[in-house]
């Protein structure tokens, strides 16, 4: 018969030294877990940012690179037959195929007294402009190689119209200028108005016997 009072426990008491040795392991595992979580969150954040950036880059573009790369580079003077200046526009230049295709598409506004000048290799009787992805009405001024306005059109936006059904605004032109709507009429810019263009890459002066146009295309 066993005596409970005299019996001893078979379980060994915990070893304080071994417990202390386990603490660094636990702390290390916790630290490793925290680092792994931080790295995982960072990877997810970077992946999300790359996805967002990629989808934004693949979109048509929220504004035209032609007019957002810097301030206008050229100036256009419209003059009547007596040589009096009717108005002056500070303009950006679109003189390459991609720039002319982009134009003012996807922009929200054309600032007052500014414009976008389309420059072509040579004059043509039927240079055309369409309102692809445009959100506001503009005036389109067609200018021949001698610096004379040949036609002025008012062009409203055509939301939802397929590219092959867009209205083509045509006229004889070596240069085409897009300006804020209503300003052509307000400043008496009509056919036969003379135009002077000054700037680092393109210039024309009807009064001079020498006109220069340095094309990038």
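One residue alone among 193, 198, 150 is over 20 Å from residue 84 (Cβ atoms) and at pLDDT 95 or above, and that residue is 150. The listed residues are 124, 188, and the only one of them that is over 20 Å from residue 82 (Cβ atoms) and assigned by TED's automatic domain parsing to the domain that holds residue 108 turns out to be 124.
The values are calculated or read from the model by the stated rules, or taken from the named source; none is laboratory data. Given the structure is predicted, the values throughout are model-derived calculations rather than measurements. Glycine also receives a Cβ, built like all others from the backbone with ideal geometry; neighbour counts cover every protein chain displayed.
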